[in-house]
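Derivation of every value follows stated rules applied to the coordinates shown; laboratory data play no part. Source: prediction; values computed, not measured. Cβ placement follows ideal geometry from the backbone for every residue including glycine, while neighbour counts extend to all protein chains displayed.
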């Protein structure tokens, strides 16, 4: 509630559906929460409410009030199960948005719950700001990301290259502001776990080499998820190095990934986690020897730690990356060769130690908040024109 004589705070709904996006947005969420000119309406959904993925709503509640919790009731990792869950999400997000009546919705990334929420906001006449638009990748995520771009009214891409793609999609230049990627904000601020804290949480010896493994299903080939993860785990197991394995996200095919983890990530070499809080995960990257898998963290966050990263398959295909990344297919021999290069090739390890960070300077949250502070939410925002 605004003080007498002051304008009402601008109500900003922010959606979070998974651990990584929430951790990345924390600086922005803090600014919105603590600034009296805004009223933060944080809505949690998808993995945050799913016990299979650690029910990470508890992590959110430790720092922020939750305006609504939207359970998508995803029953399994099948295409039909995910499609049904997204339908549930669209319906319940419509109800939540209608009750909250935000002045602006801020949506992050390329996941299905983001598209479902964008559809609901569009039908309700609520303007949308989209973060991380314009990136490219090699899966269904890219289709979702660009669909959200066309529904959104404001765009906060991570890089100039992504901004140019948004413009080539016909979006008006005044709607686009490059902010950098939000994943960098807390890393640059140094808000991640210490080596000792990571060692205790993950049960690892920080004085020995550590592999971090995070691999999701490829949404264009979900039936191959088990075999793809098996190939990765067999190659990693052959190194004998202590390995921290983190569960995948809730995309179609995730059950195959989990089944492979349960079958191959066994014995004292492996530490398996359904979830690691973002500060612990980033602290793990800070002490790791190499990251393996197909998470965007291998592309976006590892350069902050000058950490070699092996990107497997098509999920991050053609995404802008630094010199620390090795791209390989899903064959165990290719993965083993990449591991050998990442661990033992002196020229490559030198290039990783000196790699550039192409995703910004750690001020994405601040730039986004400043961009929406005084922006008129009027008819000009709603009337979108193709520029070509």
Per the 1/(1 + (r/R0)^6) rule, R0 = 51 Å and r from the Cβ atoms of residue 361 and residue 266, FRET efficiency to 0.05 is 0.75
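Taking the number of other C-beta atoms within 10 Å as the exposure measure, put 75, 55 in order starting with the fewest.
Listed from fewest to most nearby Cβ atoms, that is 75, 55.
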Can you grab the distance from the C-alpha centre of the range 308-322 to the C-alpha centre of the range 153-232, Å, no decimals?
10 Å
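For residue 164 and residue 343, calculate 0.36 nm times their separation in residues minus their Cα-Cα distance, and state this gained length in nm to one decimal.
Between residue 164 and residue 343, full extension yields an extra 60.8 nm.
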Taking a spot 7 Å from the Cα of residue 234 along the direction of its beta carbon, which residues of the range 320-336 have an amide N less than 16 Å from it?
329-336
In terms of the Cα gyration tensor, with a ≥ b ≥ c the square roots of its eigenvalues, is the range 193-353 rounded because a/c is under 1.5, prolate because a/b exceeds b/c, or oblate?
rounded
Computed E for residue 37/residue 317 - FRET, C-beta separation, R0 41 angstrom, nearest 0.05:
0.50
Quick check: the angle from helix 140-151's long axis to the longest principal axis of the chain, C-alpha only, nearest 10 degrees?
20 degrees
By counting other Cβ atoms within 10 Å of each Cβ, how are 372, 187 ranked from fewest to most?
372, 187
Using the beta-carbon distance between residue 373 and residue 172 and R0 = 25 Å, what value does 1/(1 + (r/R0)^6) give for FRET efficiency, to the nearest 0.05?
0.80
Identified option (computed Cα extents along the principal axes in Å; candidates (i) 79, 58, 41; (ii) 65, 44, 43; (iii) 64, 52, 39)
(ii)
Compute the angle between helix 112-124 and the longest alpha-carbon principal axis of the chain, please, reported from 0 to 90 degrees and rounded to the nearest 10.
0 degrees
Note the angle between two axes, namely the Cα long axis of helix 254-264 and the longest principal axis of the Cα atoms of the chain, as a number of degrees from 0 to 90, rounded to the nearest 10.
20 degrees
